[in-house]
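Down below is the structure, laid out as structure tokens.
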Amino acid sequence: AGTVWTLELPLLPLALNCSNLSNSSGNLAEGNASNSSNCTNYSDFDVSVELFALGLPMWALDAAEAAQNESVGNATTNASVRFLVLRNHCLSESGAVMAGFNWTLLPQDAELSLSVNMSYLLNGTNETNSSMLGHIEYASATNITEVFRLCIQATWVNTTALQELEMEAEFCHEMCQGMFNCSKSGNNTSSCVNSSVHGLAHESECLDSCLFAAPMVHVERCSTVPVETLPPNSSSIGLRVIPSTACVGACCSPNISSDLEFIRVGGASASGNMSGNDSSVWTCDCDDEGLLLIEVLWKSMSNLTIELEKWRLAYEEALELIHWDTFPLQAAPMCYDNKVVFLLGEGDLHPERGLLNGTVIPFSMAYQNPMRPPMWFMNFWTVRHEQGDSVISSAAVASWVVVSKLRYIVIELLTEVLKPEDAAEIHIEFVTVNPADRLDIVAINPQVFNFSQAYITSHPNETSLTHRRRGVAYGGRRLYWPGFTDVQVLERSELELSIGMLVDAVEYVRFDVGGVRIPWNGGQAILSLFSTVRDLPRDEMQNCCPPGYPPNNPGVVFRVPYRFENLMGFLSNKFMLQRSIYPIASGMETRLDETHRVVFLFFLPKTHRSSKEPYEIILIIRTPVGYRLMPDMFVVETAGGSAGNQTGVVMNQIRSSLRQLNLTRAELSLAAPEIEADVEYRVTFEATTPEFHANRTDRRLWVLELTDRWSLMQDMAAENLGVYDDFNLYSQVNFSVSAPQSPPEVVIE
């Protein structure tokens, strides 16, 4: 089991027999000095670097370089080491271990060694050669199945026991000297009276018995492996332990081709009776946490060239067979318009022809759907098997329904929705690919649209340029249209609207729909459009359309504005602003034809950023009809936390500039990269209230829009919108009081 890395030694440039060639490892080659000129280009040759470049892992470089050094010298030595083989082996049996020991946590100073015992399976009897084999040699006896028992040993100093031994050493010396009645001369024991005490012949034996903890730890792990997994005539020159998580796949890989019974997994026997190519019974307990995977660098003195070539040919043959099993048809296709032709020759079919009966022959190909759906009776895939001029077999399969996409889709919001109860008017236009007599519109996002009260607001063949979008006449390419399409509402529900129409292929369709309730939650509007003729699907555009979708012909669909949250407004006259000076007048109501200070507080449900860099964010303030904005003060602030011992929230001012101003509309350019969500903002300005109630002719709504300069240039609706009902205003009373005569002790000015 496991992967194999093989390399033939010696490495170049040693084969050039260069003289005085050396590197960090010392002298690598000796030879005739006359050949030194051949080594000019190899003076800096480094065996470790070369081995690493050839794929050998870093831990095995020292051992491999030592093997390379051994191959330097006379011809006999050069021939002694032919190949280095790096191989994984899974050890699945338990061995002598200490309590709580984990092989994957070996100490760094542990010394690893590997031993190999040869086992023979002769007539069902297991005979084991218990000698430790330094080299592995394959037996040539017949009727004998050979396996190897591979064991790894680890030895290291038990530091805890060593410390205890050092602490008890003096006590043991005194005790043992007393037991043997020994006298000391300096540090040496000069004589001992008792020659044997309690079965201990010498003081040294007494010391060994007294020192209760052995300073060395020995652990072992073994497993039986098939002969084929070890390179012939080889010995291990380096090894390491791999974490057990990597062992499962290696241990459970089938690679045994003989009749064996040799595996022990988790302390239980697992037998495998393998015959021929049946390798399915080579198993191990993959759930066993005790599996141990080791990586061994073998040095083989056999010439593996022939074996490697045989293995390569067998491997390539197996890969080719697997490829045939996966792709039994390997003839190169030839394409002619809507036809694909396979010319089958002798080498284009599976070599095991008996396996072809009943075989499903899959293949895939790239194709382009027709722009228009074919008629249903022509929408079939056909296949014919011909031999010469005769048809041997044939079949036909109904194809999938081909639906073309609507093109040049534009869906715009014509009216501004300021209140939840307001109905919207939507403009829809597109270009058909196929004739159609019905269009189904399904609202997807945001939740929820309502088409239950929808109706058609456009008139057939209308070409007037006074058709308005948000109160502004629009033109552009619509000027070239013959007019609106004649459509009718067939069915309507909350999320679906069906439109009846008679349109031809490649026809511009445009119409307006009123009475639509758009969601109060903001976001990109997503709708799906399906056209049919006689209930057969024709064109469609599903989930239309995020910005830039579809890539080759992006549609344009309006965005539903996000609504300001917790919008609050305050209107204060000069008396209210100075309550200490005007204690009585400050309690009066706000009145007509007076200058007031207006304050709005709001939160955003979504962080607002500019649609395009580096266009600045713009706050638009629109007043009800009759108000007049004053240019003296426009301040935008945001909550910034507490300041010192002051209570409440401190508002930090956002630097702003007045971009545009008229009587009822102001545009403020904000010097901020973004307006954050869930943060309180405050805008303060001054305005004069209407002169008369008769001047208040609109819906009496304050409107705040948060947009950016790029969106304004594109005449796009604001992404964030806030609406506040107008304040209560009262008429001024022509009221005066006079006193012709002053009361006693009172002076009237």
field: Within the stretch 437-461, considering residues that are among the β-branched types (Val, Ile, Thr) and open to solvent by 60 Å² or more (accessible area, probe 1.4 Å), the one nearest to the chain's Cα centre (by Cα)
entry: Ile444
- prompt: Being over 19 Å from Asn662 (Cβ atoms), surrounded by fewer than 17 Cβ atoms within 10 Å (Cβ to Cβ), within 41 Å of the chain's Cα centre (by Cα) and of a type in the set (Lys, Arg), is that true of even one residue in the stretch 611-627?
  reply: yes
query: Has the stretch 581-590 got any residue that is open to solvent by less than 80 Å² (accessible area, probe 1.4 Å), touching a residue at least 12 places away in the same chain (Cβ under 8 Å) and part of a strand (DSSP E or B)?
result: no
query: Out of the residues in the stretch 319-346 that are under 35 Å from the mean Cα position of the chain (by Cα) and either open to solvent by 90 Å² or more (accessible area, probe 1.4 Å) or of a type in the set (D, E, K, R) (or both), which is nearest to Gly388 (Cα to Cα)?
result: Phe327
field: Condition met for Phe603 (surrounded by fewer than 18 Cβ atoms within 10 Å (Cβ to Cβ), of a type in the set (Phe, Trp, Tyr) and without any contact (Cβ under 8 Å) to a residue 40 or more places away in the chain)
entry: no
query: Would a scan of the stretch 383-398 turn up a residue that is surrounded by 12 or more Cβ atoms within 10 Å (Cβ to Cβ), at positive phi and modelled with pLDDT of 80 or more?
result: no
message: Of all residues being open to solvent by 50 Å² or more (accessible area, probe 1.4 Å) and in a loop (DSSP other than H, G, I, E, B) in the stretch 405-436, which is farthest from Cys545 (Cα to Cα)? Just the residue, please.
response: Glu421
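Conditions (1) in contact (Cβ under 8 Å) with a residue 12 or more places away in the chain; (2) within 18 Å of Cys544 (Cα to Cα); (3) not in a loop (DSSP other than H, G, I, E, B), marked per residue:
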{"site": "Val397", "(1), (2), (3)": "yes, no, yes"}
{"site": "Ile441", "(1), (2), (3)": "yes, yes, yes"}
{"site": "Ile444", "(1), (2), (3)": "yes, yes, yes"}
{"site": "Glu462", "(1), (2), (3)": "yes, no, no"}
query: Mind checking which residues of the stretch 715-738 are in a strand (DSSP E or B) and within 29 Å of Ile654 (Cβ to Cβ)?
result: Asn720, Leu721, Gly722, Val723, Tyr724, Asp725
- prompt: Does Glu540 satisfy the criteria of being open to solvent by 40 Å² or more (accessible area, probe 1.4 Å) and in a strand (DSSP E or B)?
  reply: yes
statement: Being exposed (fewer than 14 other Cβ atoms within 10 Å of the Cβ) and assigned to a strand (DSSP E or B) narrows Asn552, Asn566 down to just Asn566
task: Being assigned to a strand (DSSP E or B), closer than 13 Å to Leu406 by Cα and open to solvent by 20 Å² or more (accessible area, probe 1.4 Å) is the filter here, so list the residues in the stretch 496-531 that pass it.
output: Tyr508, Phe530
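The values are calculated or read from the model by the stated rules, or taken from the named source; none is laboratory data. These figures come from a predicted structure and were not determined experimentally. Because the Cβ atoms are built from the backbone with ideal geometry, glycine has one as well, and the counts that use them run over all protein chains shown. Each accessible area value is taken on the protein alone, full model and side chains, heavy atoms only, with ligands, DNA and RNA left out. Shrake-Rupley method; radii C 1.70, N 1.55, O 1.52, S 1.80 Å.
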